[in-house]
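Engineer: Take this structure first; my questions come after.
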Amino acid sequence: MEITAKYNPVEVEDRLYAYWMENGFFNSDPDEREPYTIVIPPPNVTGILHMGHMLNNTIQDVLVRRARMLGKNACWVPGTDHASIATEAKVVAKLREQGISKDQLTRNEFLKHAWEWKEKHGGIILEQLKKLGASCDWRRTQFTMDEKLSEAVIDTFIYLYNKGLIYRGIRMVNWDTVSKTAVSDEEVIHKDVNSKLYYISYPIVGENASLTIATTRPETIMADAAICINPNDERYYSMKNKKVLIPLINKEIPVILDEYVSMDFGTGCLKVTPAHDVNDYALGIKYNLPVIDIIDNDGRLNEKAQILTGEDRFDARKKIVEMLDDAGLLVKTEDYKSSIGFSERTDTVIEPKLSMQWFLKMEEISKPALNYVLSGEIKLIPDKFKNTYKYWMEHVRDWCISRQLWWGQRIPAWYLPDGSFVVAKTADEAFTLAKKKYADIKISELRQDEDVVDTWFSSWLWPISVFDPSACGHPEIKGNADLNYYYPTNDLVTAPEILFFWVARMIIAGHEFRGKAPFSNVYLTGIVRDKSGRKMSKSLGNSPDPLKLIEQYGADGVRTGMLLCSSAGNDILYDNSQVEQGRNFCNKIWNAFRLVKSWNIEQIPQPDYATKAIAWFNSQFNRTLKEIYDNFDKYRISEALMDAYKLFWDDFCAYYLEIIKPAYGSPIDKSTYTETLKFFENLLKILHPFMPFITEEIWLILNNAQKEHKSIMLTHQPKLCDFDEKTVSVFEQVKDIIVNIRTLRQNKNISPKQSLELFVKGNFDLSFASILMKLANLSKVEITEMDIKNMSSFLTGTNEYYIPLGSRINISEELEKLTKELEYARGFLSAVNKKLTNEQFIKSAPSNIVESEYKKRLDAESKIKILEDNISRLQANNI
RNA sequence: GGGCGCAUAGCUCAGCUGGUUCAGAGCACCUGCCUUACAAGCAGGGGGUCCUUGGUUCGAAUCCAUGUGCGCCCACCA
């Protein structure tokens, strides 16, 4: 059988994924085993895979695959999010391309287009995840706008409304005057803009004096409802109970007092414009001021402004400044820098606009959610996010849950002709409720709210709704078998930027509807950035196409590359070289497999070096295994992978295989071969969660004959075994000797093919001599007390090693090397002595530290003696 | 403006409750090798005032304070 020298992932990956799917290896149903559950953070249904998804889902897959191999019933639930804002924007854009504007369509017509779009593009991202190797139970795929899940959202709304937690209120929305819609905060880009601060004087009624205010928006003065000053401001004590005139329109408005006004900004006088500023609105409520909205949806002044009607707000600003100046009411103009919001879509300045919205009261329901995290019942990884979480939850504001969109779950509120409303699941139910108010009302007189709920209002239910949507909004229901088995889930893997939008709210919903936190651990990944630290984004064009990467480097290579450089919570700076490293590692594994596969097995005695190597690697393996398990426990996934990487590459390939490898053409003894296969298989099992394809491929070939398990993922992770620390440390010394000899060869230009002799003085364990002889190409290893001429020497620990070099010896070079070492050893000794002569140190330091210093001194002294001896011997030789 | 966090090799980061894991890892770099598993490789090697300045201590990369430079979250002052 011919095996290629280079691993070819493309063919292997598609074949194996199909094999896994056919056999349903990813499927999970409740049984007697301990469950392990992850729900996927649902990507946008019409989105495509980006590097952030790759990282995030690789981590989830590692966790799930590992849990599966620890004998748990692992269930990874996939699905997609309807992402109302993003998806609706895409549909609107696509319609615009076809020359259709959203206003021309009815709600139902628009939704028809939206569903078509969803059918066409929906779920592509899930297919892409399969390329990555994601081991989701695909039978369980969910969509946040599926009928059942939408019903869950409506039930939840009604439940919270009936509990008195949902109310209507005024809020500033970000109004885009070009597309004439409200946009979300995320779609507003803040830019620092040089603007002006205008000082305008308002004549005081009945006096020949005026008050000067400072504003950046002079075009809104016609909407002013009051002038506000700080009651502690001495300059304006006399202004109490007075009135002023709005310039140009000469409208009388009161002067009010409130500590909200800061005395050191501008003149200390604030114009209060409730219709166009949210803080002013709050003041307006407090002092019962009228709301005069003078700006229309298209950004033009309306007739309520009395002047400049029909002008765009920015033209109006220029004109009104001139008019004020002409009237002698513009006191001065200052340059002023402020941050202004622009619409991401139309790049126009966002107009803050008051509107009626639905809110969820957060104060009470977020308290338990804070406690879950503070008490450690839910762990954030890394825990540095705990502080941020705490701060946010303690300063939480009510959640505006309505969105002025069509794509989503429509708010289940029906308005009566008198402006009041009822909340109900269906129009019929709403009609029943309405009849209680007005017996003669007709169903046709009811009008359902036009808005939909925020997307997060469906995704906060996700860990519950994917199992049993009917349990959402119904804490009294026990829930189905799936929910009771899989919920609460175990780990959530997501990005820190949605810790509040999503994670916190899931915790709230979990507690509210199930009385339990939805998960135990939240693993927060970083942002994937490019080499120069910029966030990867479509608009910058700095993101590689993940599917092309997979094609080029293999899914295992890409997974490994990304994981190696991503500790929790830290951003990852992506660079192709990392993925190359992953691919190279695949190739390394592949070639180790080729080597093992190429051997002829015979019943011959086991060489001593093989016996020793097996004993060592067994210890080394179990030692590393423990580290890997520890790292997994702490969710240090990249560290665990690096441990496995070095175990395979350095320990297994560079040492173990090199030692036991028979000479070309020679057979290998059966028991060494068997042990080696066992090691190899255990290594594959450890690597499988990280690199599912190549490990499965090799495992299947190696297990050709044995059909006990149809897949490596059905086997178990190796069990932790005791290991012999001594063996490991002795071997470290062996490695040290090998490296010293190899360095000597390099420096002296001695070919690796030419064998050398090694003489040892000191307490040397000869049992590893056979390994030394093989890896350092030595013809003999001997303990001696004799002095040998013309030799190079080195030290490991307190042992002295000598290699006869014959005529190749260069005495002055050797002398120089030894002198340097001697100097260093003397310096080291004097530092140790300094400590040991310090009475305070002896008194205060713990005894084991002091003892170790004494030992250091002894070692250093004997080392110095050896070095001095060797130097004098060389010098004698030299004569 | 309020809050949180970070600074260690050229890059990305480990470094637990101060002391032999104490200055580390991977990548990158340099040198020598096409040695019958692998040049996507093998062998060897050189890199750091642990951001500044103070303090605590017998002892500080590690604890405290100040400064500097970054990053994130929240709220946005007319």
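A short reminder: the numbers here are calculations on the coordinates, not readings from a lab. None of these values were measured; they are calculated from a predicted model. Quick reminder, even Gly has a Cβ in these numbers, built from the backbone with ideal geometry, and neighbours come from all protein chains shown.
Engineer: What do you get for the angle between helix A:147-162 and the principal long axis of chain A? Use alpha-carbon atoms, 0 to 90 degrees, nearest ten.
Structural biologist: In chain A, helix A:147-162 runs at an angle near 60 degrees to the longest axis.
Engineer: Ranking A:ARG397, A:ARG559 by Cβ neighbours within 10 Å, fewest first, what do you get?
Structural biologist: Values: A:ARG397 9, A:ARG559 29.
Ascending number of Cβ neighbours within 10 Å: A:ARG397, A:ARG559.
Engineer: What percent do you get for the relative contact order of segment A:201-316 when only Cα pairs under 8 Å and 6+ apart count? Could you put the intermediate results ahead of the total?
Structural biologist: On the way: 228 pairs, mean separation 30.1, N = 116.
Reported relative contact order: 26 percent.
Engineer: Cut-off under 21 Å on the C-alpha distance; same-chain residues fewer than 8 positions from A:LYS855 excluded. Which lysines are left, in chain and number order?
Structural biologist: List returned: A:LYS726, A:LYS761, A:LYS834, A:LYS835, A:LYS843, A:LYS863, A:LYS865.
Engineer: Right, here's the next one. A:ASN763 to A:GLU580: extension gain in nm, 0.36 nm per residue of separation minus the Cα-Cα distance? Don't jump to the answer; show the numbers that get you there.
Structural biologist: Details: separation 183, 0.36 × 183 = 65.88 nm, distance 4.51 nm.
My answer for the length gained is 61.4 nm.
Engineer: For the cross-link pairs A:LYS516/A:LYS626; A:LYS131/A:LYS678; A:LYS130/A:LYS379; A:LYS612/A:LYS678, which exceed 21 Å when the distance is taken from alpha carbon to alpha carbon? Intermediate results must be reported in sequence, preceding the final value.
Structural biologist: Numbers: A:LYS516/A:LYS626 33 Å; A:LYS131/A:LYS678 30 Å; A:LYS130/A:LYS379 29 Å; A:LYS612/A:LYS678 16 Å.
From A:LYS516/A:LYS626; A:LYS131/A:LYS678; A:LYS130/A:LYS379; A:LYS612/A:LYS678, over 21 Å: A:LYS516/A:LYS626; A:LYS131/A:LYS678; A:LYS130/A:LYS379.
Engineer: Taking neighbour counts of Cβ atoms within 10 Å as a proxy for exposure, in what order, fewest first, do A:LEU245, A:LEU354 appear?
Structural biologist: On the way: A:LEU245 16, A:LEU354 20.
Placing the least packed residue first, the sequence is A:LEU245, A:LEU354.
Engineer: What is the fewest-to-most order of A:LYS735, A:LYS843, A:LYS286 by other Cβ atoms lying within 10 Å of their Cβ?
Structural biologist: On the way: A:LYS735 18, A:LYS843 8, A:LYS286 11.
The most exposed by this proxy come first: A:LYS843, A:LYS286, A:LYS735.
Engineer: Now for a different question. Mind pulling the angle between the C-alpha long axis of helix A:385-394 and the longest principal axis of chain A? Nearest 10 degrees, somewhere in 0 to 90.
Structural biologist: On a 0 to 90 degree scale, this one is about 20.
Engineer: Diagonalise the Cα gyration tensor of segment A:825-879 and give the resulting equivalent ellipsoid semi-axes, square root of 5 times each eigenvalue, largest first, whole Å. The partial results should precede the final answer.
Structural biologist: Numbers: eigenvalues 206, 18, 5 Å².
That gives 32, 10, 5 Å for the three semi-axes.
Engineer: Apply the Karplus curve 6.51 cos²θ - 1.76 cosθ + 1.60, θ = phi - 60°, to the phi angles in segment A:512-520 and return the couplings in whole Hz, x for Gly and Pro.
Structural biologist: Coupling constants for segment A:512-520: 5, 9, 10, x, 9, 5, x, 7, 9 Hz.
Engineer: Just to confirm my numbers, what's the Cα centroid distance between segment A:819-865 and segment A:1-68 in Å?
Structural biologist: 55 Å
Engineer: Let me ask something additional. Whole-Hz ³J(HN,Hα) for each residue in segment A:669-684, computed from phi via Karplus 6.51 cos²θ - 1.76 cosθ + 1.60 with θ = phi - 60°, x for glycine and proline: what do you get?
Structural biologist: Residue by residue, segment A:669-684 yields 6, 4, 6, 5, 4, 4, 4, 4, 4, 4, 4, 4, 5, 5, 5, 4 Hz.
Engineer: Per 0.36 nm of contour for each residue apart, how much would the distance between A:SER666 and A:GLU363 grow if the chain were fully extended, relative to their Cα-Cα spacing? All intermediate terms of the calculation are to be shown ahead of the outcome.
Structural biologist: On the way: separation 303, 0.36 × 303 = 109.08 nm, distance 7.62 nm.
101.5 nm is the gain from fully extending A:SER666 to A:GLU363.
Engineer: Right, another one. Round to the nearest 10 and give me the degree value, 0 to 90, for the angle of helix A:811-836's Cα axis relative to the longest principal axis of chain A.
Structural biologist: 60 degrees
Engineer: Also, I was wondering about something else. So which lysines pass the test for A:LYS6, namely a Cα distance under 16 Å, with those fewer than 8 places away in the same chain ruled out?
Structural biologist: A:LYS588, A:LYS597
Engineer: Additional query: So which lysines pass the test for A:LYS251, namely a Cα distance under 28 Å, with those fewer than 8 places away in the same chain ruled out?
Structural biologist: Reachable lysines: A:LYS196, A:LYS240, A:LYS242, A:LYS243, A:LYS271, A:LYS286, A:LYS304, A:LYS318, A:LYS319, A:LYS332, A:LYS353.
Engineer: With viscosity set to 0.890 mPa s at 25 °C, what whole-number translational diffusion coefficient in µm²/s follows for segment A:235-340 from Stokes-Einstein and a Kirkwood radius over Cα pairs?
Structural biologist: Numbers: Rh = 15.7 Å.
Rounded to a whole number, D works out at 157 µm²/s.
Engineer: If the limit is 24 Å between Cα atoms, which of A:LYS661/A:LYS780; A:LYS748/A:LYS780; A:LYS148/A:LYS390; A:LYS180/A:LYS337 go over it? All intermediate terms of the calculation are to be shown ahead of the outcome.
Structural biologist: Values: A:LYS661/A:LYS780 20 Å; A:LYS748/A:LYS780 20 Å; A:LYS148/A:LYS390 34 Å; A:LYS180/A:LYS337 27 Å.
Where the Cα-Cα span goes over 24 Å, the pairs concerned are A:LYS148/A:LYS390; A:LYS180/A:LYS337.
Engineer: Please give the charge dipole size of segment A:353-400, origin at the Cα centre, charges +1 on K and R Cβ atoms and -1 on D and E Cβ atoms. Round to the nearest 20 debye. Please list the in-between numbers first.
Structural biologist: Details: 8 positive and 6 negative charges, 35 e Å.
Taking the Cα centre of segment A:353-400 as origin, the dipole is about 160 debye.
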